[in-house]
Protein chains: 2
Amino acid sequence: MDQSGAMKRRMNTPATPPPSERGTVRRLPQRASYEEPVIHAILDEGLVAHVGVTVEGQPYVLPMVYGRIGRNLYLHGASVSRLARQLAQGVPVCLTVTLLDGLVLARSAFHHSANYRSVVALGTAVLVTDEGEKLRALEAITDHALRGRWAEVRAPNAQELKATSVLRLPLEEASAKIRTGPPRDDEEDLPLDCWAGVLPLRLMALPPVPAPELREGIRPPASLFENKSPWNPGNV
Amino acid sequence: MDQSGAMKRRMNTPATPPPSERGTVRRLPQRASYEEPVIHAILDEGLVAHVGVTVEGQPYVLPMVYGRIGRNLYLHGASVSRLARQLAQGVPVCLTVTLLDGLVLARSAFHHSANYRSVVALGTAVLVTDEGEKLRALEAITDHALRGRWAEVRAPNAQELKATSVLRLPLEEASAKIRTGPPRDDEEDLPLDCWAGVLPLRLMALPPVPAPELREGIRPPASLFENKSPWNPGNV
């Protein structure tokens, strides 16, 4: 895993300080990073964020797609949806993205773990009202899933734009947490007659499935094969 | 995707009613299911849950592994961790598991979507104090990631058990939400000269990587090859 290796090296350089007390990773702080390139790389590789809001004391965590432009994340939803309306009210949000890189299989049950890279971003989302920013955000969300897709498809019309709420979440209090490498067993367990190691996991694409009513002669587009996502069929 | 197909068929049978008003899927309710077999199947296939708790009005969403025994989910964490201590106080929790099955690529930006299966469970976690239940829960968590692994490894000793908090979350208010199938474009976009379809995504395993200090002659274990997880190397 090249990227994890690069991140690990980067994490050994003097750390950027945590953005705030509540934004500080407490558990296993040696796995934490507050460096922007590390945080951005994880956010860019993830496809789904888990977004938490609290309504009347009850947290709700919902999966959402997202996009990033510089230091802002963008979410979207149907303007009529409960979550979009909640978020637009300027409530505190937690957005978490987790990449599961492998199962860490130790000789003891206790030292079983997972290799992962995650980002936790705290903040307040703002409803985007500027039409230019809204369009750029929708482009970022579309191209985040599949780079280059926006240019291939019909852009939203006025009615569709009205039906869509876009929210901006500035990346002001974000932290990354990363575990890589083999299991760390206790010294006295090493002689056990038990296999130990890592089962690497990766999100991968299977061959694209054309829509049933697709017109004949339309080939799968460049966006499917030209970008560098690890799950892209061009890289499988 | 056999499983999605089975789920879709099952969703066409008369629906189990939602467990509560706040546990009801509001947005695109035709994608919702409240049936136990549907909910359990998604939870059993997922590996990571995103768990939300609220502290002083701020939601926090953290990735956690988990296990299921019947109608209870189990989480674990270091007894000293902030999240485990929060959860043990009986605060409201939201646990969400999302399986991303594919990118839905429509002819219009607006109709882009994702195929997914997710479960949102609301409730209150309880600290498990009974030692027998605690061990069974840890076994369920270990075997959830890799069926049969618990029997292959050294069980936790008294000190390790003490250092681990186990929490039980009863599945009393859970809903599933599922999208399957091709993009649903507007009629007038069908003639566009634009590819449309689904890019299926799947979490898959790469070949296992032995721990660097693994004793010679120890072969990868049965748990790695005999179970039926879709991401298992035996099925790749």
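Scan segment A:46-72 for residues that are farther than 23 Å from B:Leu95 by Cα and either assigned to a helix (DSSP H, G or I) or in contact (Cβ under 8 Å) with a residue 60 or more places away in the chain (or both) and the total you get is 5. The set of residues from segment A:109-126 being free of Cβ contacts under 8 Å to residues at least 24 places away in the same chain and aliphatic (A, V, I, L, M) comprises just one member, A:Ala109. Has segment B:90-102 got any residue that is more than 10 Å from chain A (Cβ to nearest Cβ) and modelled with pLDDT under 95? The answer is yes, given that some residue of segment B:90-102 is more than 10 Å from chain A (Cβ to nearest Cβ) and modelled with pLDDT under 95.
Evaluate segment A:101-108: report whether one residue or more is in contact (Cβ under 8 Å) with a residue 24 or more places away in the chain and more than 30 Å from A:Leu190 (Cα to Cα). No, segment A:101-108 has no match at all. Of all the numbered requirements in (1) surrounded by 18 or more Cβ atoms within 10 Å (Cβ to Cβ); (2) touching a Ser or Thr at 6+ places or on another chain (Cβ under 7 Å); (3) charged (D, E, K, R), A:Glu139 misses one, and that requirement is (2).
For the residues A:Val80, A:Val126, A:Val120, A:Val91, the requirement of being among the hydrophobic types (A, V, I, L, M, F, W, C) and surrounded by 19 or more Cβ atoms within 10 Å (Cβ to Cβ) singles out A:Val120.
Do we have B:Leu138 as of a type in the set (A, V, I, L, M, F, W, C) and modelled with pLDDT of 95 or more here? So B:Leu138 fits the description; yes.
Of the numbered criteria (1) closer than 30 Å to A:Ala151 by Cβ; (2) at the interface with chain A (Cβ under 7 Å from one of its Cβ atoms), the one B:Leu224 fails is (1). With respect to (1) at pLDDT 95 or above; (2) outside any loop (DSSP other than H, G, I, E, B), the lone exception for B:Leu83 is condition (1).
The set of residues in segment A:189-210 being within 22 Å of the chain's Cα centre (by Cα) and more than 7 Å from chain B (Cβ to nearest Cβ) is empty. When B:Tyr34 is tested against the conditions (1) at pLDDT 95 or above; (2) over 21 Å from A:Leu105 (Cα atoms), the lone failure is (1). Of all the criteria given as (1) at pLDDT below 95; (2) part of a loop (DSSP other than H, G, I, E, B); (3) hydrophobic (A, V, I, L, M, F, W, C); (4) over 21 Å from B:Val48 (Cβ atoms), the one not satisfied by B:Trp195 is (1). Checking each residue in segment B:147-167 for being of a type in the set (Lys, Arg), surrounded by fewer than 20 Cβ atoms within 10 Å (Cβ to Cβ) and either on the phi > 0 side of the Ramachandran plot or not in a helix (DSSP H, G or I) (or both) picks out B:Arg147, B:Arg154. Pairing residues of segment A:6-32 that are within 25 Å of B:His76 (Cβ to Cβ) and part of a loop (DSSP other than H, G, I, E, B) with residues that are of a type in the set (Asp, Glu) and at pLDDT 85 or above, at Cβ distances under 6 Å and at least 6 apart in sequence or on separate chains, gives A:Gly23/A:Glu173. When A:Thr164, A:Thr129, A:Thr142 are screened for being polar (S, T, N, Q) and within 19 Å of the chain's Cα centre (by Cα), only A:Thr142 passes. Quick check on segment B:36-49. Is at least one of its residues assigned by TED's automatic domain parsing to the domain that holds B:Glu160 and in contact with a Gly (Cβ under 7 Å, 6 or more places away or on another chain)? Scanning segment B:36-49 turns up no residue that is assigned by TED's automatic domain parsing to the domain that holds B:Glu160 and in contact with a Gly (Cβ under 7 Å, 6 or more places away or on another chain).
Restricting segment B:63-80 to residues that are at pLDDT 95 or above and more than 13 Å from the chain's Cα centre (by Cα), the residue that is nearest to the other protein chains (Cβ to nearest Cβ) is B:His76.
The values are calculated or read from the model by the stated rules, or taken from the named source; none is laboratory data. Note that the coordinates shown come from a computational prediction; the quantities given were computed from them, not determined experimentally. Methodologically, a virtual Cβ is constructed for each residue, glycine included, from the backbone with ideal geometry; neighbour enumeration extends over all protein chains shown.
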